[in-house]
Amino acid sequence: MPSLLPPFLALLCFGAPAPALRAARTEAAAAEEEPWCPYKVLAEGSAGGRLCFRTPARGFQCSARACRAHRSPGGALVANVLRNGSVLLQWGPPRPAAGLRGFALNCSWDGTYTRFPCDSVELGAACRDYLLPEAHGSVRYRLCLQPRVAPPRPAPPAHCVEFRVEPAAMRDIVVAMTAVGGTICVMLVFICLLVAYITENLMSPAAAAPRRA
């Protein structure tokens, strides 16, 4: 009678790791879908920055009412200028992606006579977007994203996008003025009613005349 030990050992060696391998692949796919984005903000004139982490804004789409999209030549880098003054940058993985170590984001803006640098950012290889929380209105920005690869591979070309953050739309100003005007009208009506009440009840001749015995 043949022994069942060799098939049993083969089953243990080759059949058992399959669920564990599938679970590892599932965890890797989940990590790839929503990784943490490590980054450092390097202020102008500083040697280093503090390491921070942010969650990616996956699935974000720029709607015409909420933002305006500006694309670099070729469309690899997109700057979504939001109405609240912030800018969400989005980009895809570089080609080829072998040896990718991260990204360097350089920022500058136009002054009256010259171009001024602003804070630069170092991002991890898993990052695919970055949020500029505040941008000055009526200023033209230039942002360049440079992939960083391990030597001796040559670095891919940088992708640059330029945009201008427009000030608040006139309709927003009109809405704000309308709201303020409505508040002032309500206050004026209240003051008029209060003056009428005082005139009618406290300063009338009947209330001012002395009582007869």
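Derived from the Cα gyration tensor, the three semi-axes of the equivalent ellipsoid of the range 27-164 are 24, 19, 15 Å, largest first.
Which order, highest average first, do 129-136, 157-164, 51-58 follow once you tally other Cβ atoms within 10 Å for each residue and take the mean per peptide?
157-164, 129-136, 51-58
The protection proxy used here, the mean number of other Cβ atoms lying within 10 Å of each residue, ranks peptides 63-72, 76-85 as follows, highest first: 76-85, 63-72. For the range 94-148, the residue among Thr114, Leu145, Pro96 whose Cα projects farthest onto the positive side of the dipole built from Cβ charges is Pro96. Taking all protein chains into account, the per residue accessible area for the range 81-151 stands at 52 Å² (1.4 Å probe).
A protection proxy built from the mean count of other Cβ atoms within 10 Å ranks the segments 137-145, 105-113, most packed first, as 137-145, 105-113.
In order along the range 54-68, the phi-based Karplus estimate (6.51 cos²θ - 1.76 cosθ + 1.60, θ = phi - 60°) of 3J(HN,Hα) comes to 9, 8, x, 8, 6, x, 6, 10, 7, 8, 5, 7, 9, 7, 9 Hz; Gly and Pro are listed as x.
The values are calculated or read from the model by the stated rules, or taken from the named source; none is laboratory data. Worth saying up front: this structure is predicted, and the values here are computed from it rather than measured. All Cβ positions, even for glycine, are placed from backbone atoms using ideal geometry, and neighbour counts span all protein chains on display. Areas reflect the complete protein model, heavy atoms only, side chains present, ligands, DNA and RNA absent. Shrake-Rupley method; radii C 1.70, N 1.55, O 1.52, S 1.80 Å.
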